[in-house]
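See structure below.
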Amino acid sequence: MHDIAKTVSMTAKRKLRGPMGIAVGGLVLLIVLLVGIKAMQIAKMMSSPMTMPPTTVSSVVVKEEDWAPTLSAIGSVSAVQGAVVSTELGGVVEQINFQNGGEAKKGNVLVRLAAPTEDADLQLARQDLERTRDLAVRKVISKAELDAAESKFKQKEGAVAKKEVRAPFDGQLGIRQVNVGQMINAGQQVVQLTALDPVYVDFALPEQYLSQLSNGLEVEVRVDALPDHDFKGKLTAVNSMVDSVTRNVTAQATLQNPERTLRPGMFAKVAVVLPAKGKALVIPGSAVSYAPFGDSVYVIEKKKDEKTGKESQVIRQQFVRIGESRGDFVSVTQGLKGGETIVSTGVFKLRNGMTVTINNELAPKPQLKPNPVDS
């Protein structure tokens, strides 16, 4: 048995020395060569670290500006004078002497109710008064009788006047709520009358700001209906009490409104400008990376490569303390210096030590009073 195995082994060796053996050996040599080349390539790649291309960012220079401190609040526009004009007595509407949305002067008769009985009584009282005055001149009747006739005339005149609805002050009228021929009751609302120049803006501020409020402070107001317009006025009143529920104090500003663009009921954004002024470092809010562990910005610095001597721009993460925000801008109270260049947008994709290149062609323009376009 051992002799048979030996014979087979010798036969296999003789076969490998033939053409088949040469082919197998060549294949093995080729594989070894390819593996060696690949190993050399991998070793070369590992020996020279791969460099990422610079990231394109937009930048802005930190500026020091005068920022007057303000107290921000929201409020509503209200009328200095406004009332729903109503009737004192009931009756049938005989005349309407105004147009919807028109103007009214104090004392103008807006609506007159039919008053045939009152008119007749007034005419009779007027004739009686004229006769009584003639008799009094001729000393036919006493002074007491003349006074009684005059008093009766005034009573009848007052009864007729109660059938007329007059404007209590100058203002702009709304839409009438009665029609000619309509039977109305006493107290029926006729039309809204509002004085639009000037107007009030009512708002509330937390009680901790009470000591900083005083009459005469400048107030800036913006309304959503006119986003491109700033209205300026003065603080004219501060409530004598603090709300015990909200701990807010109500204040009131007065604004001139000659064009009557402000209307009662409008939503208003209010900023009370305090007299003290100071310097502040101002940056766009989009430059800040907000995080629970601290807010930060990326400062762009120039760095020289020690091997090649080539200068590049590298970012450094800098933690900052943010102060007041105003429009698209925020103030920085700690962590930056005026004149430093920082990344202005896209900070969420950056990390400390990255190489960047600056391109401000498509950078958004931050605004102090932005007006977003409705989509």
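Based on this model, can you work out whether Thr250 counts as among the β-branched types (Val, Ile, Thr), part of a strand (DSSP E or B) and touching a residue at least 40 places away in the same chain (Cβ under 8 Å)? For Thr250, the condition - among the β-branched types (Val, Ile, Thr), part of a strand (DSSP E or B) and touching a residue at least 40 places away in the same chain (Cβ under 8 Å) - is met. Kindly indicate whether any position in the range 106-118 is surrounded by fewer than 14 Cβ atoms within 10 Å (Cβ to Cβ), at pLDDT 75 or above and either in a loop (DSSP other than H, G, I, E, B) or touching a Leu at 6+ places or on another chain (Cβ under 6 Å) (or both). Yes, the range 106-118 contains a residue that is surrounded by fewer than 14 Cβ atoms within 10 Å (Cβ to Cβ), at pLDDT 75 or above and either in a loop (DSSP other than H, G, I, E, B) or touching a Leu at 6+ places or on another chain (Cβ under 6 Å) (or both). Flag set for Asp328, criterion: of a type outside the set (Ser, Thr, Tyr) and touching a helix residue (DSSP H, G or I) at 6+ places or on another chain (Cβ under 9 Å).
Restricting attention to the range 318-340, does a residue exist that is open to solvent by 40 Å² or more (accessible area, probe 1.4 Å), of a type in the set (Ser, Thr, Tyr) and in contact with a Lys or Arg (Cβ under 8 Å, 6 or more places away or on another chain)? Spell out how you get there, then give the answer.
So in the range 318-340, the residues open to solvent by 40 Å² or more (accessible area, probe 1.4 Å) come out as 318-319, 321-322, 324-329, 333-334, 337-340.
Next, from what is left, pick out any that are of a type in the set (Ser, Thr, Tyr): 325, 333.
This time we only want the ones that are in contact with a Lys or Arg (Cβ under 8 Å, 6 or more places away or on another chain), so: 333.
Checked the range 318-340: at least one residue is open to solvent by 40 Å² or more (accessible area, probe 1.4 Å), of a type in the set (Ser, Thr, Tyr) and in contact with a Lys or Arg (Cβ under 8 Å, 6 or more places away or on another chain).
For Ala363, the conditions (1) modelled with pLDDT of 85 or more; (2) open to solvent by less than 40 Å² (accessible area, probe 1.4 Å); (3) out of contact with any Lys or Arg (no Cβ under 9 Å at 6 or more places or on another chain) all hold with the exception of (1). Inside the range 83-101, can you point out the residues that are surrounded by 12 or more Cβ atoms within 10 Å (Cβ to Cβ) and closer than 15 Å to Gln192 by Cβ? Selection gives Ala83, Val84, Val85, Ser86, Thr87, Ile96, Phe98.
Out of curiosity, is Ala271 under 30 Å from Ile322 (Cβ atoms), of a type in the set (A, V, I, L, M) and not in a strand (DSSP E or B)? The answer is no for Ala271.
Take the range 303-317 and flag every residue that is farther than 16 Å from Ser59 by Cβ and either of a type in the set (A, V, I, L, M) or open to solvent by less than 60 Å² (accessible area, probe 1.4 Å) (or both). Lay out the reasoning, then the answer.
Our first condition is that a residue be farther than 16 Å from Ser59 by Cβ; within the range 303-317, this holds for 304-311.
Across the range 303-317, the qualifying residue is only Gly309.
The rows are residues; the columns are (1) hydroxyl-bearing (Ser, Thr, Tyr); (2) at pLDDT 75 or above; (3) surrounded by 10 or more Cβ atoms within 10 Å (Cβ to Cβ).
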site	(1), (2), (3)
Gly18	no, no, no
Gly21	no, no, yes
Val24	no, no, yes
Leu30	no, yes, yes
Lys44	no, no, no
Ser48	yes, no, no
Thr51	yes, no, no
Thr55	yes, yes, yes
Trp67	no, yes, yes
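Just checking, which of Arg247, Arg263 is modelled with pLDDT of 90 or more, open to solvent by 60 Å² or more (accessible area, probe 1.4 Å) and more than 30 Å from Ala83 (Cα to Cα)?
Details: Arg263 fails: more than 30 Å from Ala83 (Cα to Cα).
Of the residues listed, the single one that is modelled with pLDDT of 90 or more, open to solvent by 60 Å² or more (accessible area, probe 1.4 Å) and more than 30 Å from Ala83 (Cα to Cα) is Arg247.
All conditions in (1) at pLDDT 90 or above; (2) in contact with a helix residue (DSSP H, G or I) (Cβ under 8 Å, 6 or more places away or on another chain); (3) among the hydrophobic types (A, V, I, L, M, F, W, C) hold for Ala253, with the sole exception of (2).
The values are calculated or read from the model by the stated rules, or taken from the named source; none is laboratory data. Since we're looking at a predicted model, the values are computed, not measured. Please note: Cβ atoms are built from the backbone with ideal geometry, for glycine as well, and neighbour counts cover all protein chains shown. Remember, those area values only see protein heavy atoms, side chains included, never the ligands or the DNA or RNA. Shrake-Rupley method; radii C 1.70, N 1.55, O 1.52, S 1.80 Å.
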